[in-house]
Structures are given as structure tokens and as C-alpha cells.
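The structure appears below as C-alpha cells.
The values are calculated or read from the model by the stated rules, or taken from the named source; none is laboratory data. Everything numeric here is computed off the predicted structure, so don't read it as measured data. All Cβ positions, even for glycine, are placed from backbone atoms using ideal geometry, and neighbour counts span all protein chains on display.
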Amino acid sequence: MSNHLHLIISAKEGYELSGIIRDFKAFTAKSIINELLTNPKESRQEWILRLLKYFAKYNSNNALYQVWKRDNYPVDLVSNLWIGRRINYVHQNPVKAGIVDQAEDYIYSSARDYKGIKGFLDINILETHL
């Protein structure tokens, strides 16, 4: 999606999801800002950086840019049924938004992997009750 991200993740024993999400947000925010600042082909650089600076004013934890919102909307997936429902919800999100007709047509979706089409990231296919 162009303005948000869905992840289905788990933490290994001894790790906290909150720390994983914090580190993910920090790493990706730095990468996005670096790309905006250094890529001469990025035509949207000026207005995106202006927006990120604007939102940083409202978060004392950020000195210059705010990429991610501070909140998350976790859903505890307690069974294979719930995992399957959430995977289906995530896969159907770009369809409901009118971006694509079929979930696997959205190039950034793991729905591609579930249909046997290699996606951008390596994922673990979850065997669930879809």
C-alpha cells in the first residue's frame, strides 16, 4: 500500500516484538531519508522531506524527520484460523483499495508468493486455514 504496511511477524524466544518493530522502523526510516537525500533521480525529494519535517515537529523523539507513526495496531494471532484470516485480509487490502483486480497482481504483496510467483522479499509461507 502507498501509505501503510502490514506485517505478520513473530519473535524468537528471548526477543520482544516491540523491539523488533522499533528497530525495523528506525532502520527503514534512516534508509528512506538517506535515499531521499542522495538519489538525484528522486523528483519528489523536496515535498516529501518538507512533510517529514512538518510531522517531526509533533514528536520530541525525532530531531528532524518523522517517517513512521508512533502507534501500531497489533492483532494477536492465536490460532491458524486467525492467521489465515489475517493473511487473507492483508492480501485483499490492495484489491479493496482498487489498486489491482487480483491480490497476486500487487507487486509488493506476499499474495504473489502464495500463488507461486516470486515476490520481492523472501517469506515463509504459513500453512493455515485460509
Discussion item. Cβ-Cβ distance below 8 Å, separation of 6 or more or different chains: which pairs start in the range 23-45 with a residue that is touching a residue at least 24 places away in the same chain (Cβ under 8 Å) and end on one that is not hydrophobic (A, V, I, L, M, F, W, C)?
Written reply: A29/Y65; I33/Y65
Worksheet item: Can R44 be described as loosely packed, with under 10 Cβ neighbours inside 10 Å and either at pLDDT 95 or above or not hydrophobic (A, V, I, L, M, F, W, C) (or both)?
Response: yes
Worksheet item: Out of curiosity, is L37 outside the structural domain of Q92 (by TED's automatic domain parsing) and assigned to a helix (DSSP H, G or I)?
Response: yes
Worksheet item: Got at least one residue in the range 65-81 being more than 30 Å from L126 (Cα to Cα) and without any contact (Cβ under 8 Å) to a residue 24 or more places away in the chain?
Response: yes
Discussion item. Just to verify a result, which residue in the range 92-123, among those that are among the polar types (S, T, N, Q) and in a helix (DSSP H, G or I), is farthest from L5 (Cα to Cα)?
Written reply: Q92
Worksheet item: Here is a list of conditions, (1) assigned by TED's automatic domain parsing to the domain that holds L5; (2) surrounded by 12 or more Cβ atoms within 10 Å (Cβ to Cβ), and A63 meets all of them except one; can you say which number that is?
Response: (2)
Practice prompt. With the condition kept exactly as written, say whether any residue in the range 11-32 is more than 27 Å from N124 (Cβ to Cβ) and surrounded by 13 or more Cβ atoms within 10 Å (Cβ to Cβ).
Written response: no
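Here's the yes/no breakdown for (1) in the same structural domain as G119 (by TED's automatic domain parsing); (2) part of a helix (DSSP H, G or I):
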residue: H6; (1), (2): no, no
residue: I21; (1), (2): no, yes
residue: I33; (1), (2): no, yes
residue: V90; (1), (2): yes, yes
